[in-house]
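Note sheet for the following structure.
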Amino acid sequence: MHLRRWVSFVALTLLLTPLAWAEPVTFTLTNSTGATIMEFYASPPGVNDWEEDILGEEVLESGDSVIITIGDSRDDCDYDFLVVYDDESEVQFDEMAICDGEEWVIE
């Protein structure tokens, strides 16, 4: 009887472990560039697919901060980011390690 409970516990633990990896990454993005960030994109490193603008209809003025949440169920903190400024210039940041609870200041 104890073996059956132990096997059930191990099986349940193995099933739930991937759910822990699926938690979103949340960080604070601070704009200290002197320009307005119009669009902000993220993707896993090397994917080259930016999907949708994380800011949506909002913009991030210089000196302001916003909380960003990425819910992509990855088990690491590495991302590529693309920033589009109000003059339509773009800057790509490759393989940035941004983990949950951190602040990233773009200068």
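Among GLU95, GLU88, which is the only one that is under 22 Å from THR33 (Cβ atoms) and in contact with an Asp or Glu (Cβ under 6 Å, 6 or more places away or on another chain)?
Residue meeting the stated conditions: GLU95.
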When the stretch 70-96 is checked residue by residue, the ones that are within 11 Å of VAL25 (Cα to Cα) and either in contact with a helix residue (DSSP H, G or I) (Cβ under 6 Å, 6 or more places away or on another chain) or surrounded by 11 or more Cβ atoms within 10 Å (Cβ to Cβ) (or both) are ILE70, ASP72, SER73, ARG74, ASP75, ASP76, CYS77, ASP78, TYR79
Of all residues in the stretch 18-45, how many are surrounded by fewer than 10 Cβ atoms within 10 Å (Cβ to Cβ) and at pLDDT below 90? 2
Here is a check on your reading of the model: is THR69 modelled with pLDDT of 95 or more and hydroxyl-bearing (Ser, Thr, Tyr)? no
Members of the stretch 46-58 that are of a type in the set (A, V, I, L, M) and either buried (at least 16 other Cβ atoms within 10 Å of the Cβ) or without any contact (Cβ under 8 Å) to a residue 24 or more places away in the chain (or both): ILE54, LEU55
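The values are calculated or read from the model by the stated rules, or taken from the named source; none is laboratory data. Just so it is clear, the model here is predicted, and its values are computed rather than measured. We place every Cβ from the backbone using ideal geometry, glycine too, and count neighbours over all the protein chains shown.
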